[in-house]
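Below is one structure, written out as structure tokens, with a few remarks after it.
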Amino acid sequence: MSIAQVNGERQATPQRLRTVQDRRLHVPVHVVWEITLACNLKCGHCGSRAGKRRANELSTAECIDVVRQLAAAGTREITLIGGEAYLRRDWLEIAAEIARLGILCSVQTGARGLTKERIAAAYAAGVRAIGVSVDGLRDLHDSLRGVSGSHDQAIRAIENIRAVGIEPGVNTQINALSMPQLPQIFDEIVAAGARSWQVQLTVAMGNAVDNAALLLQPHQIIEVVDCLARLYHKGRDIGFRLLPGNSIGYFGRHEPHWRSLTSNIEHWTGCNAGETTLGLEADGTIKSCPSLPKSHYSAGGTRSTPIEDALRNLESRTVRRDGNRGRSFCGSCYYWNTCQGGCTWVSHVLESKRGDNPYCYYRATTLAKRGLRERIVKVAEAPDQPFAVGRFEVRLERADGSRAPRSLGLDDKRRKRGRLVLCRSCDEYIYAAERACPHCGAAHGPETAADETFRREIQTSIDEVERHGRRILEIAGMAGGDIPARE
Ligand code: SF4
Ligand code: SF4
């Protein structure tokens, strides 16, 4: 269903969709590239502590060479970010080279100073998707972004982006302040003409560690996901796509509906960092994910290391996760072999380990059924550096706030392995070999023709809702391109 446009050509497959071959060969399908750390906003949640450009940012010629290396490695989408990407004078030259080599060029922006003229120039250079950050209604957005008037500029930018024919998307960080405003943000960005909305959690990195009161508590993920799922369905009815970002965790009753990049039913399959996702910093540092700190997840810089070599070195730094060797909920989790602890970034920034992620819907709902919840407490500040990490303790507690022993916080369903299918009774994912659903207890025999029919029925209903939404937009004369894929 999602059809991205590259240089005017409509393509049936989203660029970010990973194939089995991509995963096996570690093709850097999607690259997020900080081309400068210079920024004209002062966000209280900025993980990279952007503001001033880095002292040793790549030259134009070095950037062009990077684009060519990525094209040779099979990259299909490059997202230019900052800081603010357009504060680099040669950003359009870089964008044009990306487009010339047949790679989708997208941009993520705070949009302060993203004028009509800049947007038109971006389109002429080949940029085909722009995501604008909207982190709240006017007062909240301006206060989070540290600049009065930045909200109105972001909303105007969405309208202007749509007017020149670029796909307008919106990105929103969800934190303790923006969470209550999500339904109103939805209404506001739909009215401005946005076609898709990627939502992410504010993650404990950089400035967000300094302002830790902003961070959601892990048990709040239940409320967040339930609210987002309602908005997802509301959006589908009008052809608007809500895309849960990789930090919005995982499984539970909403998973079959919203995780897919296409109209097929899909589920979360784990972090792609260092496998099919790559991050680049403005000085050429190559990382397995743009959000991860280079201290642990870098394989050198483009000035000294060919990207092809870096890709081989990144694997061992990211892919192996241990889930705290079974001593944490993730490590004991039913879904471990599929998920491996969700987003590495969310997990690493808390306790400097990967594969143990308390911001997970399945984990939080399972604990809630036992009268338990998790809370993070900051125990060390983050240094004053880009992508700096502090330290947090993840506490297990009872509903009255008293501490509970960690041993109570394991998944008693324990790790299983195999292909995931949907339970026909409760709509949650279970492993195909199960004889009874571990979530609702319903009997589950080997896959039958009835299962196949059930899957087709869900698929048909999803397709119908999407068709219905498109039709409404066509009637309203609004249908243009399609929806950009998520990270
Ligand atoms: S508890 Fe951990 S391993 Fe299990 S689904 Fe959630 S994030 Fe994944
Ligand atoms: S660390 Fe998180 S954001 Fe980065 S690739 Fe993995 S899932 Fe995506």
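The values are calculated or read from the model by the stated rules, or taken from the named source; none is laboratory data. All of these numbers come straight from a predicted model, not from anything done at the bench. Methodologically, a virtual Cβ is constructed for each residue, glycine included, from the backbone with ideal geometry; neighbour enumeration extends over all protein chains shown.
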Item checked: Boolean, Gln181 is touching a residue at least 60 places away in the same chain (Cβ under 8 Å) and within 20 Å of the chain's Cα centre (by Cα) -> no
Next item on the list: Filter the range 190-215 for residues that are within 17 Å of the chain's Cα centre (by Cα) and surrounded by fewer than 19 Cβ atoms within 10 Å (Cβ to Cβ) and give the result.
Entry: none
Margin query: Just the residues that are of a type outside the set (Ser, Thr, Tyr), modelled with pLDDT under 95 and farther than 24 Å from Gly206 by Cβ, please, taken from the range 17-71.
Written below: Leu17, Arg18, Val20, Gln21, Asp22, Arg23, Arg24, Leu25, His26, Val27, Pro28, Val29
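Please verify whether Ile94 is assigned by TED's automatic domain parsing to the domain that holds Leu37 and either surrounded by 24 or more Cβ atoms within 10 Å (Cβ to Cβ) or touching a residue at least 60 places away in the same chain (Cβ under 8 Å) (or both), treating the condition exactly as stated.
Considered against the rule, which asks whether it is assigned by TED's automatic domain parsing to the domain that holds Leu37 and either surrounded by 24 or more Cβ atoms within 10 Å (Cβ to Cβ) or touching a residue at least 60 places away in the same chain (Cβ under 8 Å) (or both), Ile94 comes out as no.
Among the strands (runs of 3 or more DSSP E) confined wholly to the range 361-448, which include 2 or more residues that are within 30 Å of Ala50 (Cβ to Cβ)?
Details: elements: 372-380, 391-398, 420-422, 429-431.
Those strands (runs of 3 or more DSSP E) span 372-380, 391-398.
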Check: Only one residue in Gln200, Gln217 is within 16 Å of ligand 2 (Cβ to nearest atom) and of a type outside the set (A, V, I, L, M, F, W, C), so which one is that?
Finding: Gln200
Item checked: Condition met for Ser106 (hydroxyl-bearing (Ser, Thr, Tyr), more than 20 Å from Arg76 (Cβ to Cβ) and under 17 Å from the mean Cα position of the chain (by Cα)) -> no
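Residue-wise test of (1) surrounded by fewer than 24 Cβ atoms within 10 Å (Cβ to Cβ); (2) in the same structural domain as Ile166 (by TED's automatic domain parsing); (3) part of a loop (DSSP other than H, G, I, E, B).
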position: Arg49; (1), (2), (3): yes, yes, yes
position: Ala61; (1), (2), (3): yes, yes, no
position: Ala71; (1), (2), (3): yes, yes, no
position: Leu80; (1), (2), (3): no, yes, no
position: Arg89; (1), (2), (3): yes, yes, yes
position: Glu117; (1), (2), (3): yes, yes, no
position: Ala120; (1), (2), (3): yes, yes, no
position: Tyr123; (1), (2), (3): yes, yes, no
Checklist line | Some residue of the range 324-334 being surrounded by 17 or more Cβ atoms within 10 Å (Cβ to Cβ) and modelled with pLDDT under 85 | finding: yes
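Please work out if Glu84 is over 17 Å from Ile307 (Cα atoms) and at pLDDT below 95.
Criteria not met by Glu84.
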Next item on the list: Determine whether Glu223 is in the same structural domain as Gln181 (by TED's automatic domain parsing), under 23 Å from Gln385 (Cβ atoms), at pLDDT 95 or above and not small (Gly, Ala, Ser).
Entry: no
Note to self: Going residue by residue through the range 239-250, is there one that turns out to be surrounded by fewer than 23 Cβ atoms within 10 Å (Cβ to Cβ) and aromatic (Phe, Trp, Tyr)?
What the structure shows: yes
Item checked: Residue satisfying condition, being modelled with pLDDT under 90, surrounded by fewer than 19 Cβ atoms within 10 Å (Cβ to Cβ) and not in a loop (DSSP other than H, G, I, E, B), within set His296, His233 -> His296
